[in-house]
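Asks: Quick one: this structure, given as structure tokens, is what I'll be asking you about.
Computed from the coordinates by the stated procedures, all read-outs in this text should not be read as laboratory data. This structure is a prediction, so every number in the text was calculated from the model and none was measured. All Cβ positions, even for glycine, are placed from backbone atoms using ideal geometry, and neighbour counts span all protein chains on display.
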Amino acid sequence: MKRAHFIASFFMLSPLVFSSAVAQETPVPGSQAEAYWDKDDFKASQDALKREHGGAATLFVLADRFEYQASDDAPALLLEGQGRWGTDENRLLIKSELEYDLDAGAFEEAEVQALWSRPIARYFDVQAGVRHDFEPGPSRTYAVAGIQGLAPYWFEVDGAVFLSEEGDLSARFEAEYEVSLTQRLILQPRSELNFAAEDVPEFETGAGLSTAEIGLRLRYEIDRQFAPYVGVNWKASTGKTADYIRARGEHTETLSFVTGIRLWF
Amino acid sequence: MLTRRNLLRTAAAGGFFAASGALLPAWARSANAGNKGIFEVSGNAFDLTIGHSNVEIGGRSGHAITINGTLPGPLIRFREGEKVTLNVHNTLDEDTSIHWHGLLVPFHMDGVPGVSFPGIKPKSTFTYEFAVPQSGTYWYHSHSGLQEQLGHYGPLIIDPAGADPVEADREYVLVLSDWTFEHPHKVFARLKKDAAVYNFQQRTAGDFLRDARENGIGPTFTDRASWGAMRMSPTDISDVTASVYTYLINGHATDDNWTAIFNSGERVRLRIINASAMTIFNFRIPGLPMTVVAADGLPVQPVETDEFQIGVAETYDVIVSPTRARPFALVAESIDRSGQVVATLAPEAGLVATAPLLREPPVLTHRDMGMDMSSMDHGSMAGMDHGSMDHGAMAMTDTVPQSHDHRMGVGVDNVAMVQVSRIDEPGLGLESVPHRALRYSQLRSLTPNPDTRAPGREIEIHLTGNMERYMWSFDGVKLSEVTGPIIFHESERLRVTLVNDTMMTHPIHLHGMFFDLVVADTDHKPRKHTVTVKPAERLSFDVTADHVGDWAFHCHLLFHMHAGMMQVVSVLPRVAGATTHTPHKGHEPAVPPSEEDIPTTETPTPDRQHEGHH
Ligand SMILES: [Cu+2]
């Protein structure tokens, strides 16, 4: 019942024992073929073998929600997605959420995060990096620390805390679930909660739960990578945040009907 | 009865040069294209050209990497003990290689880049030279990148030096494989991003309602909850399915109706090779019993059965004796039953056997998850028994409680808490078929095992993975992270115990040596080069490390290997004079050359392995 590595590392020492007597014939475990071929050629193939079997990097781009939102307010386009590149162990992760007001012809919200992602548990990754909000202005930068993964019972969760350059602390928690109605027809409930540690009048954010969003989307996976969907999305500001918005004479709640596509490659 | 020479002529007359069939070796062509037997390249010297070809699969044209322009490659045939020379010409723009699967060649001729040699560089020729002390049904394939998925494989038969222990009036090779029009790198990348991307047999809301009706809402909910809590899927059986694969027999999809001919009353030998990249098959011929006479090339005591599961890289030879003059279906069904390929065994060309309907897909149980504490209720759908977990009722003779001293990193999503001997089970989905299904425990070597010493030590290796992340490994360590090889010592007898901590079936292949599968306390253990390990299974093989060198050891599911489920076994020579091994024909100990005559990959190695001075 020995562990292969221990055996291996033990025998790495063994050549030392009789190195002077049989220096040339002592085989190097795992490199015995060096004796038959050009050493550099063989070494290169050995490195490639290791790299290829478990060390490869993949690029993954997901547009989770790319949709048209119709509501009592101005119609909007939303793109929420992420791209990641890297190995099992280390990944660069770009997350983005863009909201475009079709009537005003301007971005209402434009947020990009650049994170380094690393697995810490079987189903969870830790993430750290920066977030920059181009809109709503004035633009602002945050430090980000988060955790993303698959919780028991197949809930996909994503939580992060943000510290702005002004020193304001906020947090976001997202959860998604997928119900397979058929092999290709998938119902996806989704929720997003935003919290703030203190009032930031400049950004119309109040301390506590600032906004809540609940959505229900029904998609049809033409193939797993391309799925058009329809759904509803309800978004509300709460507490002090709602007060700020009411003071501006705008709705604190929006119910939208959405049509969009989910795609990845 | 036709002799092989006759068969060859028939095949040629039937349009060997016909445009439609030009890319297929004659033996792989269907009967209506003139094939009534086996066409092969045989002798002692072979020229094999690796190149790009267009192939037609199921009426659609695709790009393949082929050997001598055909998919599968030519049947290479030579005689036991004879020295053969194989010149491999690489016309590709990338490295290639050929590994001789199951052949006991000197290790530097084994064809694994980075383990046995540097690989065959683009636009260069490499010469393999060896003689092997064995006969039987084998195959060969690329060990470079993902070329194997693109068609770089073929069958190989070694005729015995003496009389063949298997008597047959005629024989056919059946090369089972999986083909996709997707580029294999794309397939692998998709699995990395969404491991369930090809699974269209997932449990749905409809299944929940059906199960709730049949078993009650409580048990159904508990069952779903227990899988959900583990974040495991009971339908996670094949990573790549018929949603993207076309399954092939001898390069032919079902529609091509590849046909083998028999005369009523003949003993027909079928040499069945699973040359798939990712597909474990269930093989059967409805209405026709099969007598298994060889496993992984070596003869076994004849055992009659109606169906067997064949892991990737395994081979079985069976004898069938059809007495009724009607067509029979040769059926290779993927283990997840998402698809199948059917060929015909018929008394004359032009007949089409009726393909059976696909059977219900199997569903994994808690036994497969290594969680079945009661051990007796396997197969029962809601059979989980968490309540009994802590009462230590481990009295079952075939269960072993948890022992896991391997790394438990993010790449290990499960450990088999109850490891079970499943050597007496026929494989996933075949437990309850209404006919006989082969079990490893039925196999006995025809001849006594050459080494019957008790193993001097035991190594335990766990098969590990994380399905969500699509990470696969041995002992929680991917090849990319491995710091040293697994050490065997020349001539030692040792036991290797494999524990499958995952819920998938893994065909595990050890290069360079046959191992004796521990099926019972017998000196006629079946000798194999590949063993298919079932979910949560604990099994052992005894092996004699008589072939010095470095040998690849890996899961033969191509994408599992590519994800890291591979290590190197180093058989280290004893210090001078201490060897107890007697050189025999085809296996003289390899002696490293002196510094000045180290060849490059372009110049063939001289016959160095035969100059051993022991
Ligand atoms: Cu595997």
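Asks: If you rank B:His435, B:His524, B:His141 by fewest surrounding Cβ atoms within 10 Å, what's the result?
Replies: So the residues, fewest neighbours to most, are B:His435, B:His524, B:His141.
Asks: Just want the ordering: B:Glu348, B:Glu56, from fewest to most Cβ atoms lying within 10 Å of their own Cβ.
Replies: Least to most surrounded, the residues fall as B:Glu348, B:Glu56.
Asks: For B:Lys123, list the aspartates and glutamates whose Cα falls under 13 Å from its own Cα; do not include residues on the same chain fewer than 8 positions away.
Replies: Partners within reach: B:Asp93, B:Glu94, B:Asp95, B:Glu602.
Asks: I would also like to ask the following. Please find the FRET efficiency linking A:Ala151 to B:Thr323, where r is the Cβ-Cβ separation and R0 is fixed at 51 Å, and quote it to the nearest 0.05.
Replies: After rounding to 0.05, the efficiency reads 0.25.
Asks: Quote the relative contact order of chain A in percent (integer), defining contacts as alpha-carbon pairs under 8 Å separated by 6+ residues.
Replies: Rounded, it is 12 percent for chain A.
Asks: Hydropathy at least 1.6 by Kyte-Doolittle, axial extent at least 20 angstrom from the Cα trace: which helices of chain A, defined as entire DSSP H runs, fit?
Replies: Numbers: long enough: A:4-17 (21 Å, 1.70).
Membrane-span-like by this criterion, though nothing is claimed about a membrane: A:4-17.
Asks: Something else about it: In the structure displayed, which of A:Lys50/B:Lys192; A:Lys95/B:Lys192; B:Lys193/B:Lys478; B:Lys83/B:Lys528; A:Lys43/B:Lys478 lie more than 21 Å apart, Cα to Cα? Write down the numbers at each step before the final one.
Replies: Values: A:Lys50/B:Lys192 18 Å; A:Lys95/B:Lys192 19 Å; B:Lys193/B:Lys478 18 Å; B:Lys83/B:Lys528 23 Å; A:Lys43/B:Lys478 19 Å.
With Cα atoms farther than 21 Å apart: B:Lys83/B:Lys528.
Asks: I've got another one for you. Relative contact order for region B:103-150 using alpha-carbon pairs under 8 Å, separation at least 6, rounded to a whole percent?
Replies: 39 percent
Asks: Would region A:58-264 count as rounded, prolate or oblate if I go by the C-alpha gyration tensor, calling it rounded below 1.5 in a/c and otherwise prolate when a/b exceeds b/c, oblate otherwise?
Replies: It comes out oblate by the Cα gyration axes.
Asks: Let me ask another. For B:Glu348 paired with B:Arg453, estimate the spin-label separation in nm (one decimal), with each label point 7 Å from Cα along the Cα-to-Cβ line.
Replies: 6.1 nm
Asks: State the antiparallel share, in %, of DSSP beta bridges confined to region B:27-161, rounding to the nearest 5.
Replies: Roughly 65 percent of the DSSP beta bridges within region B:27-161 come out antiparallel.
Asks: List B:Trp100, A:Trp85 from most exposed to least, where exposure is judged by having the fewest other Cβ atoms within 10 Å.
Replies: On the way: B:Trp100 22, A:Trp85 14.
Fewest-to-most Cβ neighbours within 10 Å comes out as A:Trp85, B:Trp100.
Asks: Out of residues 5 or more away from A:Asp38 or on other chains, whose amide H comes under 5 Å of its own, with H placed 1.01 Å from N in the peptide plane?
Replies: Under 5 Å from the amide H of A:Asp38: B:Thr601.
Asks: Roughly how many whole Å is it from the C-alpha centroid of region B:288-312 to that of region A:83-155?
Replies: Using only Cα atoms, the two centres lie 55 Å from each other.
Asks: If R₀ is 35 angstrom, what is the calculated FRET efficiency for the pair A:Glu250 and A:Leu216, using the beta carbon separation as r and rounding to 0.05?
Replies: Result of the calculation: an efficiency of 0.90.
Asks: Are there GluC sites (Glu not before Pro) in region A:219-265 that DSSP puts in a loop and that have at most 14 other Cβ atoms within 10 Å, and which ones?
Replies: A:Glu250
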